[in-house]
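The values are calculated or read from the model by the stated rules, or taken from the named source; none is laboratory data. Here the structure is a predicted model, which is why all the values come from computation and not from measurement. With ideal geometry, Cβ positions are generated from the backbone for all residues, glycine too; neighbour counts draw on all protein chains shown. Only protein heavy atoms, including side chains, enter the accessible area calculation; ligands, DNA and RNA are left aside. Shrake-Rupley method; radii C 1.70, N 1.55, O 1.52, S 1.80 Å.
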Amino acid sequence: MKTIRSVIAIVFSLLIVATLSAQQPSSPSTGLALTPPMGWNSWNKFGCNVSEDMIKSMADALVKSGMKDAGYQYVNIDDCWQVSRDEHANIVVDPQRFPHGMKALGDYLHSLGLKFGVYSDAGTQTCAGRPGGLGHEYQDAIQYAAWGVDYLKYDWCHTSTQDAKASYANIRAALDAAGRPIVLSICEWGTAKPWLWGKDVGGNLWRTTGDITDKFAGSEKWPDGTCCSNGLLAILDQQVGLESYAGPGHWNDPDMLEVGNGGMTDVEYRTHFSLWAILAAPLIAGNDLRNMRPEIHDILNNKEVIAVNQDALGREGTRVAKSGDLEVWAKQLKDGSRAVVLLNRGASEQNITVAWQDLGYPSHLNGAVRDLWQHKDLGKFTEKFSAPVASHGVVMLTVSP
Ligand code: GLA
């Protein structure tokens, strides 16, 4: 009897221990970025030319243009806001460019109902040679929390022999210790395959490639021989096979948007936006929002395309068919329908067909097809749907059973 009681007691204690260890203490950042983050970042258009006035005017434009209502939320200052460290090793904000400091800027963004992002680097210096975070992670995290920071992009320059996974785990631990929910954007360019560990270390998104450039195709090495400055298609091709790593709270990041920056045609920018939407990529605009042409405004504000990106199921789309320059990309949506991009990479208009079987549907399915750029229902189709697609262009659809 005594033995049975001791066995029961041991089993019971083991069960309690197992239950307690399964209940990880939840971090302040649990539940962030359940859909891909949307917002604006200074780098692609302004580089190091950042200032308090510019950021505030961009936030105003985000609201006035309707982009805030369309879902864009984060206003992120990239590199070059920081100039040095003081005698206590606190990070020093450029006093000329940000005369009222970061707390005031964060308060302004929050007063508009927006969120505040900053940038630093896991190494000794940022990519533009400003002070990095190495050895100051906890101190910086406390500072960011005090400023009201909601999003941190953490770059990978000047990291020498540092281990990427450990470095990003360290900054996540520091952010959590500071007690404020902060989205962590891992900017490691895909070198150490962050899709394999980014989620485990509490990253909410991770760059999968080198930097985007405002062009449709091609990829060039940096002057120092390292890789690369990537056109749209070069980045796109590097996303194939990564789709299973993305989901609510943790996203592959093919880099920020170039829509509106002038290096591509409007057709190509529509392609860029459609593909980033179907990839469940973060939609971080990178253009000057204060003087957008109506065509650019309409691309960034296409609510039907944004809805594909922000679909609650959180699936990343993938390439389901390819024949030379003609491709079909598809993404499963929460209601069982599929978003589809017909992409023509070639130099002349071509017909592209999507077969229901490539969407995981039976051929006899009667699918309702809607065009997300024309905002038009096109009718019901069985087996497949075909449409002419302009050179470098897309047709973007939903197919609903
Ligand atoms: C790296 C990043 C870019 C940008 C710059 C800033 O190149 O990949 O996105 O943040 O640094 O210097």
(message) With a cut-off of 8 Å between alpha carbons and a minimum separation of six or more residues, what is the relative contact order of the chain in percent?
(response) 13
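Determine the alpha carbon to alpha carbon distance for each of 165/331; 115/199; 103/165; 331/380; 303/331 and list only those over 27 Å. Before the final figure, lay out the partial values.
Working: 165/331 29 Å; 115/199 22 Å; 103/165 30 Å; 331/380 19 Å; 303/331 17 Å.
Violating the 27 Å limit, Cα to Cα: 165/331; 103/165.
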(message) Using 0.36 nm times the number of residues separating residue 353 and residue 177, minus their current alpha carbon distance, what extension gain do you get?
(response) 58.2 nm
(message) 5 Å is the cut-off here: which amide hydrogens, built 1.01 Å from N in the peptide plane, fall below it relative to residue 211, excluding neighbours closer than 5 in sequence?
(response) 228, 230
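Taking all pairs of different Cα atoms in the stretch 242-401, averaging 1/r and flipping that mean, what Kirkwood radius in angstroms comes out? Walk me through the intermediate numbers first.
Values: mean 1/r = 0.0629 Å⁻¹.
Taking every pair of different Cα atoms in the stretch 242-401, averaging 1/r and inverting gives 15.9 Å.
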(request) Run the dipole for the chain about the Cα centre, Lys and Arg Cβ at +1, Asp and Glu Cβ at -1, nothing else charged, and hand back the magnitude in debye, nearest 20. (result) 1180
(request) Calculate what fraction, in whole %, of the accessible area of the chain sits on carbon and sulfur atoms when a 1.4 Å probe is rolled over the protein chains. (result) 54
(request) Could you run the Debye sum over the Cα atoms of the stretch 224-278, one equal point scatterer each and no solvent, and tell me log10 of I(q)/I(0) at q = 0.19, 0.20, 0.30 Å⁻¹, two decimals? (result) -0.77, -0.83, -1.30
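Please work out the FRET efficiency for the pair residue 84 and residue 63, using the Cβ-Cβ distance as r and a Förster radius of 25 Å; give the result to the nearest 0.05.
Values: r = 33 Å, r/R0 = 1.33.
So the FRET efficiency works out to roughly 0.15.
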(request) Go through the stretch 160-166 residue by residue and turn each phi into a ³J(HN,Hα) via Karplus (6.51, -1.76, 1.60, θ = phi - 60°); whole Hz please, and just put x for glycine and proline. (result) 6, 9, 4, 8, 5, 4, 5
(request) Calculate the spin-label point distance for residue 110 paired with residue 169, positioning each point 7 Å from the Cα along the beta-carbon direction, and give it in nanometres. (result) 3.2
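Sort 50-61, 150-161 by packing, meaning the average of other beta carbons within 10 Å per residue, with the highest value first.
Values: 50-61: 18.2, 150-161: 20.0.
Order by mean packing, descending: 150-161, 50-61.
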(request) Please list, in chain and number order, the residues 5+ apart from residue 183 or on another chain whose amide H is under 5 Å from its amide H, with Hs placed from the backbone. (result) 151, 152
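Which value in deg cm²/dmol, rounded to the nearest 500, describes the helix-derived mean residue ellipticity at 222 nm for the chain, given -39,500 (n - 2.57) per DSSP H run of n ≥ 4 and division by the residue count?
On the way: 11 runs with 112 residues, N = 401.
Only helices count here, giving -8000 deg cm²/dmol.
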(request) Taking amide H positions as placed in the peptide plane 1.01 Å from N, state which residues far from residue 115 in sequence (5 or more) or on other chains have amide H under 5 Å from it. (result) 74, 75
(request) Using Cα positions and a limit of under 13 Å, work out the aspartates and glutamates in reach of residue 215, with same-chain residues fewer than 8 apart set aside. (result) 258, 266, 268
(message) Tell me which of 44, 63, 124 sits at the most positive position along the dipole axis of the chain, charges placed on C-beta atoms (Lys, Arg +1; Asp, Glu -1).
(response) 63
(message) Can you find, among 239, 309, 273, the residue sitting farthest towards the positive end of the charge dipole of the chain, where Lys and Arg contribute +1 and Asp and Glu -1 at Cβ?
(response) 309
(request) State, to one decimal in nm, how far the label point of residue 323 lies from the label point of residue 304, with both points 7 Å from Cα in the Cβ direction. (result) 2.5
(message) Nearest 5 percent is fine: what portion of the DSSP beta bridges confined to the chain is antiparallel?
(response) 65
(request) Please label the shape of the chain as rounded, prolate or oblate, based on the square roots a ≥ b ≥ c of the eigenvalues of the alpha-carbon gyration tensor (a/c under 1.5 means rounded; beyond that, a/b larger than b/c means prolate, else oblate). (result) oblate
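With r defined as the distance between the Cβ atoms of residue 363 and residue 100 and R0 fixed at 56 Å, what FRET efficiency is calculated, to the nearest 0.05?
Numbers: r = 63 Å, r/R0 = 1.12.
The pair residue 363/residue 100 has a calculated efficiency of 0.35.
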(request) Work out from phi, with θ = phi - 60° and the Karplus expression 6.51 cos²θ - 1.76 cosθ + 1.60, the ³J(HN,Hα) of each residue of the stretch 62-71, listed in order in whole Hz, and give x for Gly and Pro. (result) 4, 6, 5, 6, x, 5, 4, 5, 7, x
(message) Using the Kirkwood formula on the Cα atoms of the stretch 318-400, what hydrodynamic radius do you get, in angstrom to one decimal?
(response) 12.6
